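Since the structure comes first, as structure tokens, the remarks are kept for the end.
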Amino acid sequence: MLSAVLFCTLHQDAKFSYDQFRGLQVKLNGIPYIVGSSFQYLEAGTGRSLYSSRWSPKEVQHLPDGSTRVRYSGDNGNAIGTHTYRQSGNTLSVRYEFRWRGNTDVRVDLCAAQLWAPALSHGSLSINGTEA
């Protein structure tokens, strides 16, 4: 099992959602900034794709506390996991849990956010306070 937690600081007016095949969506005043996310399980050594969030259905639940839980099970139940998205004020936290039950070694490739370039073309990006 692989677990990871991602924290992202958002503008206070930002709203997030999760689309079953496109992934994470973040908009500010109706303008998209994050237009997708994805992950896939790849066979170690060969790189052959065993499961991809791009073409596999997931169960998306909107919980009473405002968070969104995404569950999936693919490749005959070998690739399973849960991702939980929770916005609190201007912070979006995401907890990823990836599990593999198959007989071969795998690696998980995660694209946590696909940024929409036109929204950022005249801006700047900083990571941990350092301009990137």
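The values are calculated or read from the model by the stated rules, or taken from the named source; none is laboratory data. Here the structure is a predicted model, which is why all the values come from computation and not from measurement. For neighbour counting, all protein chains shown are included, and Cβ atoms are generated from backbone atoms with ideal geometry for every residue, glycine included. When the accessible area is computed, the model is the full protein with side chains, heavy atoms only, and any ligands, DNA or RNA have been set aside. Shrake-Rupley method; radii C 1.70, N 1.55, O 1.52, S 1.80 Å.
I need the full set of residues from the stretch 101-110 which are open to solvent by less than 60 Å² (accessible area, probe 1.4 Å) and assigned to a loop (DSSP other than H, G, I, E, B), in order please.
Answer for the stretch 101-110, where residues must be open to solvent by less than 60 Å² (accessible area, probe 1.4 Å) and assigned to a loop (DSSP other than H, G, I, E, B): Gly102, Thr104.
Would you confirm, using the coordinates I've provided, whether Ser126 is exposed (fewer than 12 other Cβ atoms within 10 Å of the Cβ) and polar (S, T, N, Q)?
It is true that Ser126 is exposed (fewer than 12 other Cβ atoms within 10 Å of the Cβ) and polar (S, T, N, Q).
Has the stretch 9-16 got any residue that is at pLDDT 90 or above and surrounded by fewer than 16 Cβ atoms within 10 Å (Cβ to Cβ)?
no
Where residues in the stretch 18-38 are in contact with a Leu (Cβ under 8 Å, 6 or more places away or on another chain) and open to solvent by 40 Å² or more (accessible area, probe 1.4 Å), which of them is modelled with the highest pLDDT?
Checking each candidate, the answer is Val35.
Scan the stretch 53-100 for residues that are open to solvent by less than 50 Å² (accessible area, probe 1.4 Å), more than 16 Å from Tyr18 (Cβ to Cβ) and without any contact (Cβ under 8 Å) to a residue 40 or more places away in the chain and report the count.
5
Being open to solvent by 80 Å² or more (accessible area, probe 1.4 Å) and aromatic (Phe, Trp, Tyr), is that true of even one residue in the stretch 111-118?
There is at least one residue in the stretch 111-118 that is open to solvent by 80 Å² or more (accessible area, probe 1.4 Å) and aromatic (Phe, Trp, Tyr).
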